[in-house]
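Visitor: Got a structure for you, questions after.
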Amino acid sequence: MRELIIIGSGPAGYTAAIYAARANLRPLVIASSVEFGGELMKTTEVENFPGFPEGIMGPDLMTRMQQQAERFGAEILYDDVAALDLTGEVKRVTLGSGDVHEALAVIYATGSAYRKLGLPEESALSGYGVSWCATCDGAFFRKKTVAVIGGGDSALEEATFLTRFADTVYLVHRRDALRASAALQERAFADPKIQFIWNKEVARIYGDEKVTGIGLTDTVDGSETTLDLQGVFVAIGADPRTHLVHGQLDLIPEGTIAVDGRSSRTSRPGVFAAGDVVDPTYKQAATAAGSGVVAALDAEHYLASLPAELIARATGTDAVTDEIEARAREARESEARVAAPTA
């Protein structure tokens with residue numbers, strides 16, 4: 001048994017691991033066998049993470065975070081969590097391999113997954129013109145033509161943000177009316193850089209090495225058209241990866257895990273959450289890293305409040321103490337035998 005297990009290896013998970021390892025909690029980070037490193041592993045250059053004025057590639061940033069966590073003693077395990085039992089004072093984490101790990105505290109930081117269009121070119125051109133984050137990638141499209149796909153608040157926020165860089169921003173929506181709030185619609189309709197394309201679905205993304213255009217299908221009459229552009233921003237929502245804790249932790253209406261105020265404390269004692277799984281709004285690497293700090297500190301304070309015998313079980317100090325006492329007893333008995341007079 002351990003003191004702490006961290007589930008997830010994005011900015012939140014690795015930052016929590018850095019802080020927890022420096023506090024001598026010896027955390028085990030379950031990093032996934034396939035999607036370790038989080039969504040930043042799928043991006044190219046990251047220009048808005050503090051400390052890298054020249055920018056850094058997403059995978060490089062996550063590798064550095066991992067190395068920093070390991071430097072302080074975090075253990076990284078590349079496997080997938082199949083089931084969780086968060087009840088009781090000892091939490092149980094079952095892996096896809098069948099192995100079971102136990103801990104007194106768990107930090108849940110599995111992030112979120114952007115909803116995709118489901119097109120074969122979408123993944124191939126990710127980072128080469130296809131993006132799910134205008135805040136992350138908008139600056140790469142200065143004086144270019146881009147399209148935002150979607151019709152909700154996030155789509156209009158993305159489109160409005162992109163007008164700072166792009167010359168033209170098409171907003172492609174499959175219906176003839178938006179779902180976004182009235183204030184966001186009013187602002188978007190008044191922006192001369194935003195052009196609305198109604199009743200259209202993206203059927204294809206064109207481009208070999210970079211995006212060159214999209215193919216559209218009319219949702220009313222089925223007609224097909226193409227649109228020349230250099231960037232496609234998919235803004236049809238994101239889903240927090242909370243399926244493992246359904247029925248065990250309270251969620252808010254937006255689907256993220258409920259926490260106590262600005263803390264990372266969930267509805268279950270000893271279970272903490274960080275990153276996109278608690279953030280329905282910002283979803284940035286820097287904010288996720290900050291919440292990882294909060295989770296590690298909260299977990300440290302929780303563990304410090306537990307009975308000494310529980311901590312001893314988790315750290316193995318009971319076994320060490322027993323071994324030391326046994327060796328001392330053997331030494332005393334040996335000395336006694338040597339000192340005893342012979343018959």
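Visitor: Label points 7 Å out from Cα along the Cβ direction at Asp153 and Ala312: separation in nm?
Guide: 5.2
Visitor: Tell me which of Tyr170, Gln66, Tyr114 sits at the most positive position along the dipole axis of the chain, charges placed on C-beta atoms (Lys, Arg +1; Asp, Glu -1).
Guide: Farthest towards the positive end: Tyr170.
Visitor: Give the carbon-plus-sulfur fraction of the accessible surface of segment 160-299 in %, rounded to a whole number; probe 1.4 Å, heavy atoms of protein chains only.
Guide: 48
Visitor: Here's another thing I want to ask about it. Output the 0 to 90 degree angle, nearest 10, between the alpha-carbon long axis of helix 285-304 and the longest principal axis computed from the alpha carbons of the chain.
Guide: Helix 285-304 sits roughly 20 degrees off the main axis of the chain.
Visitor: Net charge around Lys143, counting only other residues with Cβ within less than 12 Å of its Cβ (Lys, Arg = +1; Asp, Glu = -1)?
Guide: With Lys, Arg at +1 and Asp, Glu at -1, the net is +3.
Visitor: Given an 8 Å cut-off on Cα distances and at least 6 residues of separation, report the relative contact order of the chain as a percent.
Guide: In percent, rounded to a whole number, it is 20.
Visitor: Per residue, how large is the accessible surface of the chain? Use a 1.4 angstrom probe and give square angstrom.
Guide: Ligands and nucleic acids excluded, the result is 50 Å² per residue.
Visitor: Moving on to the next point. Ranked by accessible surface with a 1.4 Å probe, highest first, in what order do Glu300, Glu54, Glu121, Glu3 come?
Guide: Correct descending sequence by accessible area is Glu54, Glu300, Glu121, Glu3.
Visitor: Under a crude label model (7 Å from the Cα following the beta-carbon direction), how far is Glu201 from Asp250 in nanometres?
Guide: 3.9
Visitor: Moving on. Given (1) 73, 45, 32; (2) 110, 37, 34; (3) 59, 45, 36, which label gives Cα extents along the principal axes in Å as computed from the coordinates?
Guide: (2)
Visitor: What's the FRET efficiency of Ser267 with Thr168 using the Cβ-Cβ distance as r and R₀ = 51 Å, to the nearest 0.05?
Guide: After rounding, the FRET efficiency stands at 0.65.
Visitor: So, one more: Given a 1.4 Å probe and heavy atoms of the protein chains only, how would you sort Val106, Val259, largest accessible area at the top?
Guide: Listed by decreasing accessible area, they come as Val259, Val106.
Visitor: For a protection proxy built on the mean count of beta-carbon atoms within 10 angstrom, sort 183-193, 167-177, 222-232 highest first, please.
Guide: So the peptides 183-193, 167-177, 222-232, ranked by packing, come out 167-177, 222-232, 183-193.
Visitor: To continue, here is another question. Based on alpha-carbon centroids, what's the gap between segment 1-55 and segment 69-110 in Å, whole number please?
Guide: If you average the Cα positions of each part, the centres end up 14 Å apart.
Visitor: Give me the number: length gained by fully extending Asp99 to Ala124, i.e. 0.36 nm times residue separation minus the C-alpha to C-alpha distance, one decimal in nm.
Guide: 5.6 nm
Visitor: Here's something else I'd like to know. For segment 203-294, what's the relative contact order in percent, using C-alpha pairs closer than 8 Å and at least 6 residues apart?
Guide: So the answer I get is 15 percent.
Visitor: Quick check: net charge around Glu102, other residues with Cβ under 9 Å of its Cβ, Lys/Arg +1 and Asp/Glu -1?
Guide: For residues surrounding Glu102, the net value is +3.
Visitor: Hey, if you put +1 on the Cβ of every Lys and Arg and -1 on every Asp and Glu Cβ in the chain, which of Gly255, Ala16, Phe141 ends up farthest toward the positive end of that dipole?
Guide: Phe141
Visitor: Run the simple label-point estimate for Arg115 and Ala82 please: 7 Å along Cα→C-beta, distance reported in nm.
Guide: 3.1
Visitor: Follow-up. Below 29 Å, Cα to Cα, which lysines can Lys200 reach? Residues fewer than 8 away in the same chain don't count.
Guide: Straight-distance partners of Lys200: Lys42, Lys116, Lys143, Lys144, Lys210, Lys283.
The values are calculated or read from the model by the stated rules, or taken from the named source; none is laboratory data. Computed from a prediction, not measured in an experiment: that's the story for all the values here. Every residue, glycine as well, gets a Cβ built from its backbone with ideal geometry; the counts of neighbours run over all protein chains shown. Only protein heavy atoms, including side chains, enter the accessible area calculation; ligands, DNA and RNA are left aside. Shrake-Rupley method; radii C 1.70, N 1.55, O 1.52, S 1.80 Å.
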